[in-house]
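Undergrad: Structure below; questions to follow.
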Amino acid sequence: MLVLKKAKLVFLANPKTATQSLRAMLEPYAKATPDQTGDKHINAQIYGRKWARRVAARIGAEPETFAVMREPLDHLGSWYRYRQRDALRGHENSTHGMTFAAFVEARLSDDPPPFARIGRQDRFLGFLDSGPPVTHIFDYAQLDLLIGFLSDRLGVAMRLPHRNASPAAAPQALTLPEELAARLRALHAAEFALYDRVRQAGQLHTPHAAEA
């Protein structure tokens, strides 16, 4: 979580959506950082319950929240690639030597093993459970829209640095059997539907979020 007092914005860092690059870009303008809040990835529900009133009191205004959403299959692919890195070999979180299909099968199981415990983006963004939803959600595939939005709100021309990219993988390594892909879409239908809304708009604005 980053609090941008001047822009009256709070960044909620949805994992595997360029969060390290966005933090590096925004920290010079931030009044609260992960070191101060104790958590890099505070979701919408936790923010609404534990932080919203405190942040509003601190900056003297009701801030809006913003976050990034990634296409759900691509999001899983990024986690799979990230957990294949050599530094995790032998760790319970490693996906080294595992196919992407096996990783997704594990993710969809009733009790996922540690390497497949990946949170749902629609839950992180406040569209499951008790919210409230994030005010501005940007498409990971259209980050130029987010950069323009932040430049306008901060009054500074922003440039996104490159940080913490997952290891590359051949496209065929991230394909799924049709039955498994269909099961993923069925079980995560709400997440795919939310991403479709974000993708079509580039920026999904939920103005009621601040009032929830």
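Where a number appears in this text, it was derived from the coordinates with a stated rule and is not lab data. Owing to the predicted nature of the structure, the values given are computational and were not obtained by experimental measurement. Glycine also receives a Cβ, built like all others from the backbone with ideal geometry; neighbour counts cover every protein chain displayed.
Undergrad: Compute the helix-to-body angle for 143-154: its Cα long axis versus the longest principal axis of the chain, expressed 0 to 90° and rounded to tens.
TA: 20
Undergrad: Dipole of the range 2-211 (Lys/Arg Cβ +1, Asp/Glu Cβ -1, origin at the Cα centre): which of Pro112, Ala101, Ala67 lies farthest to the positive side?
TA: It is Ala67, whose Cα lies furthest towards the positive end.
Undergrad: Would you mind checking the tilt of helix 178-187 against the longest principal axis of the Cα atoms of the chain, expressed as 0 to 90 degrees and rounded to 10?
TA: Approximately 40 degrees, to the nearest ten.
Undergrad: Give me the one-decimal Kirkwood hydrodynamic radius in Å for the range 43-114, with the sum taken over alpha-carbon pairs.
TA: Numbers: mean 1/r = 0.0660 Å⁻¹.
About 15.1 Å for the range 43-114.
Undergrad: Could you tell me how many degrees, from 0 to 90 and to the nearest 10, lie between the Cα long axis of helix 189-201 and the main elongation axis, the longest principal axis, of the Cα atoms of the chain?
TA: 50
Undergrad: Additional query: Could you tell me which of Leu160, His205, Tyr195 has its Cα farthest along the dipole of the chain towards the positive end, charges placed at Cβ (Lys, Arg +1; Asp, Glu -1), taken about the Cα centre?
TA: With unit charges placed on the Cβ atoms, the residue in question is Leu160.
Undergrad: Hey, what's the Cα Rg ratio for the chain versus the globular rule of thumb, 2.2 N^0.38 Å?
TA: So the Cα radius of gyration is 1.04 times the expected 2.2 N^0.38 Å.
Undergrad: Further question: So what are the ³J(HN,Hα) numbers for the range 96-104, from phi and the Karplus equation (6.51, -1.76, 1.60; θ = phi - 60°), rounded to whole Hz, Gly and Pro as x?
TA: Those phi angles translate into 4, x, 10, 6, 4, 4, 5, 5, 5 Hz.
Undergrad: Based on Cβ point charges of +1 for Lys and Arg and -1 for Asp and Glu, what charge dipole magnitude is obtained for the chain about its Cα centre, in debye rounded to the nearest 20?
TA: Charge dipole of the chain: 800 debye, to the nearest 20.
Undergrad: Per residue of the chain, what 222 nm ellipticity follows from adding -39500 (n - 2.57) for every DSSP H run with n ≥ 4, rounded to the nearest 500?
TA: So the helix-based figure for the chain works out to -10000 deg cm²/dmol.
Undergrad: At a Cα cut-off below 13 Å, give the aspartates and glutamates reachable from Lys50, other chains included and same-chain residues fewer than 8 away excluded.
TA: Asp39
Undergrad: I want to verify a result. In a Gaussian network model of the chain, Cα cutoff 10 Å, which of these has the top mean-square fluctuation: Pro72, Pro63, Pro112?
TA: Of the options given, Pro112 has the highest mean-square fluctuation.
Undergrad: Putting +1 on Lys and Arg Cβ atoms and -1 on Asp and Glu Cβ atoms, find which of Ser21, Ala87, Ala181 reaches farthest to the positive end of the dipole of the chain.
TA: In the chain, that residue is Ser21.
Undergrad: Antiparallel versus total DSSP beta bridges in the range 2-211: what percent is that, nearest 5?
TA: So the antiparallel bridges amount to about 50 percent of the total.
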